[in-house]
1. Are there trypsin sites (Lys or Arg not before Pro) in segment A:284-356 that DSSP marks as loop and that have at most 11 other Cβ atoms within 10 Å, and which are they?
2. If amide hydrogens are placed 1.01 Å from N in the peptide plane, which non-local residues have theirs closer than 5 Å to the one on C:Thr263?
3. Cα atoms only: what Rg and Dmax, in Å, come out for segment B:228-315?
4. Would you mind estimating how fast the protein assembly as shown diffuses translationally, via Stokes-Einstein at 37 °C and 0.692 mPa s with the Kirkwood radius over Cα pairs, in µm²/s?
5. Got a sec to turn the phi values of segment B:245-253 into Karplus ³J(HN,Hα) couplings, 6.51 cos²θ - 1.76 cosθ + 1.60 with θ = phi - 60°, whole Hz, x for Gly and Pro?
6. For A:Phe196 and A:Ala99, what is the calculated FRET efficiency with R₀ set at 45 Å and r taken between the beta-carbons, to the nearest 0.05?
7. What FRET efficiency do you get for C:Thr148 and A:Ile109 if R0 is 30 Å and r is their Cβ-Cβ distance, rounded to the nearest 0.05?
8. Working only with C-alpha atoms, what are the Rg and Dmax values of segment B:1-145, expressed in angstrom?
Amino acid sequence: MSFLTDPRGTLGDLTRPEAWVLGVSVAFLLLLFVALLAGALGPTYFLFLVGLAGMYALLSFGLNSQWGFTGLINFSVAAFFGVGAYGAALMTADSSPIAGGFNPLVGLIVGLSVAFVLAVLIGIPTLRLRADYLAIASLGLAEVVRLVVLNERWLTNGSAGLRGIPSFFAGWPVLSTFPQAMPGLRLEVVPGSPIFLEAPFWRASLNVLLVLGFAGATYFVLRRAHRSPWGRVLRTIRSDEDLARALGKNTYSFKMQSFVLGSLIMALAGVFYTHLNLYVGPGDLDPITTFYVWVAVILGGSGSNRGALFGGIVIVTIREGTRFLNDFAVPIDPAPLRLLLIGILIVVVMRYRPQGILPPQRELIWPSAVDGSGTPDRPASGVRERKRSDDLENRSENAENRSDDRDGNGPNGGDDDE
Amino acid sequence: MTVLGYLANGLVFSSIIVLGSIGLSLVYSIADFANFAHGDTMTIGAYSALVTFGAVGGLGGAVLGLPYGFFLALIVGIAVAAVVAVGTEKLIYEPLDIDSIGLLITSIGIAFIYRAVIQIRFGADFTRFGVEPLRPIEWLIPYGIRVTRHDVAIVASAAVLVVGLHVLLQYTDLGRKMRAMADNPDLARVSGIRTKRVKLWTWVIGAGLAGAGGVFLGLFNQLSPRMGFNLLLVIFAAVILGGIGSVYGAMAGGFLIGMINQLTPLLSRLGEVLPLVPDGFGIPIGIEYANAIAFVIMVAVLLVRPNGIAGEGAT
Amino acid sequence: MSDSANATTERTESGESDATGGPQIGAVAGKDDAVLRVDDLQKSFGGLTATDHATFEVERGTITGLIGPNGAGKSTIFNLISGFYEPDGGTVTVNGTDVTGMEPYEVAEHGLVRTFQTPRKLEGMTVREAMLVGPRNQPGESFLNLFTSPGTVGDSESANLADAERILADFEIDHLATQPATDISGGQMKLVELARAMLAEPEVLLLDEPVAGVNPTLAKKLKTQIRRLNERGTTFVLIEHDMEFVMDLADPIVVLDQGSVLTEGTPEAVRSDDRVIDAYLGGGA
């Protein structure tokens, strides 16, 4: 993404992992492109996958603004996603038991509003406490939301789910009829396997545009927020909440803002999913969705929006890759295989690269403020990587005063040992 | 069913939750992180027992309607859960150089690995132990209590384990060290307790109890790869209710949450049950929301008493 | 492991269970020269009394030293004053306002800022980024402002950055400005902490062991800076185990023992006080 906004500057000073990720991504895209031209991969399906990747990137942005920026552990990504998806579906779908037939924009607003309320309700009891309380409570919230969706048939249609969902652009001028209005095309790059580009293809293109719009806007907002004093307070809270409090920051309020913002982004992803998939069911609220997103964020690098984007692509690869494996190579049920892969990825990342593949590395100061003082030196190995050795050094330094501190109750007294 | 009947069911289910919550609470305070793999440790215990019981069979006699072989399977379930937990601690958690939040996230990965392996091996469907299902105990039926001798076995075994743990904590050197460490890990380390060893024993005991809980859960309901993960929320609710780090709090919390869970059907006809409440009154909530009630209680506790109902001041 | 987490729970338990929002004993504006007043402060953990009816005043413009043997309750008092703990009884008055029972950020709003004994390093930040956390009430700390008035945010950020760089230069550590904050030594971190706290423009600054684990050269530098900032009007209260450091820098000195004030006075008076010697020798059990 930063590549898109500043192509010349970025290519020059890529770190090794950045270059590596870029290389793999480009190779992967080329592979897909070849498959596309050869007719092995249907263009409409391809666009569906792109939409899905965009959706996961959006979810990752949401989690990133909670966990990555502020260190909030939200295990109910699936719930906020589901609330967005169901909010949109219930407002727009033909089969909606309560409303239905509204403009998709109404669904968007309803989905986001419910997510907002839910985020505040779960934030109030947990955000004043230790970080792990939010983890536990949010896992519970996810389960409750899933139970409600599954059991309240009068509201959600229960396990049957919701069908008859219009495209997001239904009722818009021009765009609502665009897929039908476009001429059908037939391309034949490899002789014998022609590619058809017809109404479904154009519909899928619109969806990709939509998710690009959502993700682009979110990325813009998050980038600005991340580089601002607001984001700096969040990052301080992540490392040392007591420090932020001592410096006069109302950390509870900041945590709440960060939590609500992330939850809204997740709900936005849900709204998009509804209009991409045109069906939502209780299965979409399975906790596995939550942990797909967690893998994306910790793999990409907590706090790094580029990383989140990369993580989104990895997830779609896992999801579709396991399906492919099951179809063609090893006949293992994809569900536990995905679970296993997700589990192993979590453990491996935490073991070998807890900072993720693309940790945020650039100095984050409001752009106009640093213009005058020249380009900051960018640490070649990344700011986070030096932590370990440094801590060791520091530990011996502090050993002396720690043994003195029998009061032991100081907010910062005697930390980081073990 | 009568109120007594629900209470009896509650007692059985509580025994299982208590076994789960003790272990979670112990590990929470001594290994210092919220172990999200605890539910799946229960699943491991259950499936290990399933395999063992399938292999050894009844072995002749029976106690409380359960063949000897089942008790052997129970012991194997406990042992396997403990061994897997210790192995995970040694191989995964111990070498990690991250804080308790990092460990928490890692434990989610561990939970998925446990569950995935079981699901790949046994499939996602429900199974049962190959134990003859029993009819409810005859002489209790007039009181509206429909429990089997298996249920009695569950409660009795859980009671034995809990009393054993109590003796261990109160009267042995290891127990004293464990309590000291749960109370204040730093102080314990300073005062020369070999914390690593105590931690290892904590895993053994915590996971062993979880394994037993898993076996009983399989006997009470049935087995499925998700059984433990589905129970995790209820167990966390019990631990938070009792106050994180307090073993006896976890017992009390587990008991209460287990009871409430099984008493859910009564909520819709509170009026008939409680003396002072008008007859038509009730909270209309279905049994499918039993886990949601645990969640609501947990959030309420966090709001009012973040240190649990018993928690006052320091752990 | 994560100690801030512990402190937070501890705060909440004491805060939520027994406190009632703090008594509103009408902060009689008091003598103008007392910028901080601690009156009959009490705090116990479980059965252990950490602060036992402690009472003392800090005069505006002083550098007040807070000393005492191990376990005397110095850290607890700091936590009580700065709002990290809620007292069981007594009041804390900052600038004539009763701040008892307030959140730390509210106490900071009233002009009292503190540092920590072992500052944790801010991951992923450069030193000057870490410095920029200091200024209070930045326009850019409001999420809405980022989009409605980016110009204002930018102006204040520029001004704060200039301030940060100026104060780093004053401290002679401006060469560290763009280093990762995780990359500097513990002693340098202490300097950065002091510098950052100054950006919050405190009237009273509580320093928790400013030279613990700091090498002598840097300690000397710290002493110079504290003195210089004090001459410009900041009041300091410091806990320090290094007797030489504290006796040289602070006047008056408050001696704590077993949670209450044993005596206070000039360094000379304290040094020659038999009770103080006894307290130190007795080990303050």
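1. none
2. Close amide H contacts, sequence-distant or interchain: C:Val255.
3. 14.2, 44
4. Calculated translational D: 106 µm²/s.
5. Computed from phi, the couplings for segment B:245-253 are x, 9, 5, 6, x, 5, 4, 4, x Hz.
6. Efficiency at R0 = 45 Å is approximately 0.80.
7. Using R0 = 30 Å, I get an efficiency of 0.90.
8. Cα radius of gyration and Dmax of segment B:1-145 are 18.4, 60 Å respectively.
Quick note: the coordinates plus some simple rules give every number you see, no bench work behind them. Predicted, not measured: the structure shown is a model, and the values here were computed from it. In this analysis, Cβ positions are derived from the backbone assuming ideal geometry, glycine residues included, and neighbour counts consider all displayed protein chains.
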